[in-house]
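J.: Take this structure first; my questions come after.
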Amino acid sequence: MPSGATHDQITLSCLPIVGGLGLAVTHSASITLSLTGSFLFSGLMFGPDLDIYSVQFKRWGLLRWLWLPYQKGLQHRSWLSHGPIVGTLGRLVYLGLWGLICAAIALSLGLMTRWLAWDWQVIFTLKGHLLTVGGQYPWEIGGALLGLELGAMSHSLSDVLGSVWRNLRKRRSRFRSKRS
Ligand SMILES: [Zn+2]
């Protein structure tokens, strides 16, 4: 398995390729920006290795505790963290759940201290805003999701290739020691 520094190097080396291809295909600076930004984010701190104490995990700084239940629940390199699509989707859902929990706590505190007054309309307004943003920037959102997945896959693929390379070297050295 490549080290965290090697994974970082792979992400940074692939960034110009992802950006160049993104711009060539979409001809849009904003879509390319969301694609490359999320690719970088995924490669450096939202990747599959959040399932262990890794560089990616440490980069969450004060918020790193958010990923502790994720690590407890998953085995390192399980298909749920390292698998295509399901890994990224799982992390998005997981982070979304934390977002909901934090929002619920903040809301409860606001209501308890009477700092906020509950109004059901807030939910509908929020939903309306989200739908409007989603409708205005569908390609940018698509680019961001693709970037997240590409960043995660560059990681998983290099994990697999690293294992294959290590096994080949082991076999070769065994073969050599048998011959000598
Ligand atoms: Zn990994």
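The values are calculated or read from the model by the stated rules, or taken from the named source; none is laboratory data. What you are looking at is a predicted structure, and each value in this text was computed from that prediction instead of being measured. Note that we place each Cβ from the backbone using ideal geometry, even for glycine, and neighbour counts take in every protein chain shown.
J.: In segment 42-79, what residues are in contact with a helix residue (DSSP H, G or I) (Cβ under 6 Å, 6 or more places away or on another chain), in a loop (DSSP other than H, G, I, E, B) and without any contact (Cβ under 8 Å) to a residue 24 or more places away in the chain?
T.: Listed by number, the residues that qualify are Arg59, Leu74.
J.: Taking segment 138-180 as the region of interest, how many residues are of a type in the set (Val, Ile, Thr) and free of Cβ contacts under 8 Å to residues at least 24 places away in the same chain?
T.: Here the count works out to 2.
J.: Can you tell me which residue in segment 80-93 is surrounded by the fewest Cβ atoms within 10 Å (Cβ to Cβ), limited to those that are part of a helix (DSSP H, G or I) and within 12 Å of the ligand (Cβ to nearest atom)?
T.: Ranking the qualifying residues of segment 80-93, first place goes to His82.
J.: Among residues belonging to segment 64-77 that are over 15 Å from the mean Cα position of the chain (by Cα) and within 16 Å of the ligand (Cβ to nearest atom), point out the one that is nearest to Ser158 (Cα to Cα). Can you show your working first?
T.: Pass one, segment 64-77, residues over 15 Å from the mean Cα position of the chain (by Cα): 65, 68-69, 72-76.
Of the ones still in play, those that are also within 16 Å of the ligand (Cβ to nearest atom) are 74-76.
Details: Leu74: 20, Gln75: 18, His76: 15 Å.
The extreme case among them is His76.
J.: Does Leu50 fit the bill of being surrounded by 14 or more Cβ atoms within 10 Å (Cβ to Cβ) and within 23 Å of Gly83 (Cβ to Cβ)?
T.: Yes: the conditions hold for Leu50.
J.: Answer yes or no: is there a residue in segment 97-115 that is in a helix (DSSP H, G or I) and touching a residue at least 24 places away in the same chain (Cβ under 8 Å).
T.: Yes, segment 97-115 has at least one match.
J.: Given (1) surrounded by fewer than 16 Cβ atoms within 10 Å (Cβ to Cβ); (2) at pLDDT 95 or above, identify the lone condition not met by Leu15.
T.: In the conditions (1) surrounded by fewer than 16 Cβ atoms within 10 Å (Cβ to Cβ); (2) at pLDDT 95 or above, Leu15 misses (1) alone.
J.: Still on this structure, I have one more. Against the conditions (1) away from the ligand (no atom under 16 Å from the Cβ); (2) surrounded by 14 or more Cβ atoms within 10 Å (Cβ to Cβ); (3) basic (Lys, Arg), where does Arg59 fall short? Just the number, please.
T.: (1)
J.: For the structure I just gave you, tell me whether Gly147 is surrounded by 14 or more Cβ atoms within 10 Å (Cβ to Cβ), within 14 Å of the chain's Cα centre (by Cα), away from the ligand (no atom under 16 Å from the Cβ) and of a type outside the set (Ser, Thr, Tyr).
T.: Yes, satisfied.
J.: Residues of segment 101-117 being hydrophobic (A, V, I, L, M, F, W, C) and either surrounded by fewer than 10 Cβ atoms within 10 Å (Cβ to Cβ) or in contact with an Asp or Glu (Cβ under 8 Å, 6 or more places away or on another chain) (or both), which ones?
T.: Result: Met112, Trp115, Ala117.
J.: Can you go through Ser54, Ser42, Ser38 and tell me which one is among the hydroxyl-bearing types (Ser, Thr, Tyr), away from the ligand (no atom under 16 Å from the Cβ) and under 26 Å from Val18 (Cα atoms)?
T.: Criteria check complete, one pass: Ser38.
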